[in-house]
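Some notes on the structure that comes next.
The values are calculated or read from the model by the stated rules, or taken from the named source; none is laboratory data. On a predicted model such as this, the values are computed, not experimentally measured, just so you know. Here the Cβ positions follow ideal geometry from the backbone for every residue, glycine too, while neighbour counts run over all protein chains shown. Side chains included, ligands, DNA and RNA excluded: accessible areas come from the protein's heavy atoms. Shrake-Rupley method; radii C 1.70, N 1.55, O 1.52, S 1.80 Å.
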Amino acid sequence: MARAGFYAVESGKISFRKDGNWYTDEERIDNPRIAMLFSQSIRQNPDGSYFLQVAEERAAITIEDTPYVVISVEDDGCGGFAIILNDGTREALDPATLAIGAENVLYARVKGGRYRARFLRPAYYHLSGNFEADTSGSFFIQIGGKKYPLNSASGDHSEAHH
């Protein structure tokens, strides 16, 4: 039974793409249970590459942009926001880690700051209603009376947070 997840996608190349979907070769994995299993099974090698670990089984994977994506944003009831990630986890948004990348993609650091997560469009739109511009045209979000600038994400795709 431990092999079920990988057996379901044969032995194709497994990838997690910036659209927030899993693929085997060029086929999107539409089974939500397998997609969730994969999202919950992401591990990182010391060299920065990624793999899936399900029981004793391992499979190398390709991560197109980030290993996690923000699928939705919720008000946390305290003036801040909670984010829901593709692995089903919910965590507080750290507004100090928000950054805007190429093509105006929004990112935040997640999992205790260890990884960058890309906001999928619906989550971005939910949060962007709270963005404001200052007199210089720079954008920020105000949470709990504090302004957090939306900085440009560096071109560094390294997930190592030093």
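Points worth noting:
- Charge dipole (Cα centre; +1 on Lys/Arg Cβ, -1 on Asp/Glu Cβ; no other charges) of the range 39-162 amounts to roughly 140 debye.
- The alpha-carbon of Lys18 sits under 22 angstrom from the alpha-carbons of these lysines, leaving out residues fewer than 8 places away in its chain: Lys111.
- The residues neighbouring Ile83, those whose beta-carbon lies less than 9 Å from its own, together hold a net charge of -1 under the Lys/Arg +1, Asp/Glu -1 convention.
- The 3J(HN,Hα) values that the Karplus relation (6.51, -1.76, 1.60; θ = phi - 60°) gives for the range 92-100 are, in residue order, 5, 6, 8, x, 5, 9, 5, 8, 10 Hz. Gly and Pro appear as x.
- Per-residue SASA remark: Arg109, around 40 Å² accessible (1.4 Å probe; ligands, DNA and RNA not included).
- Residue-by-residue Karplus 3J(HN,Hα) for the range 126-135, coefficients 6.51, -1.76, 1.60, Hz, glycine and proline x: 4, 6, 5, x, 9, 6, 10, 10, 8, 5
- Across the range 15-25, rounded Karplus estimates of 3J(HN,Hα) from the backbone phi angles (6.51 cos²θ - 1.76 cosθ + 1.60, θ = phi - 60°) give 9, 10, 9, 5, 7, x, 10, 8, 9, 10, 6 Hz, Gly and Pro being marked x.
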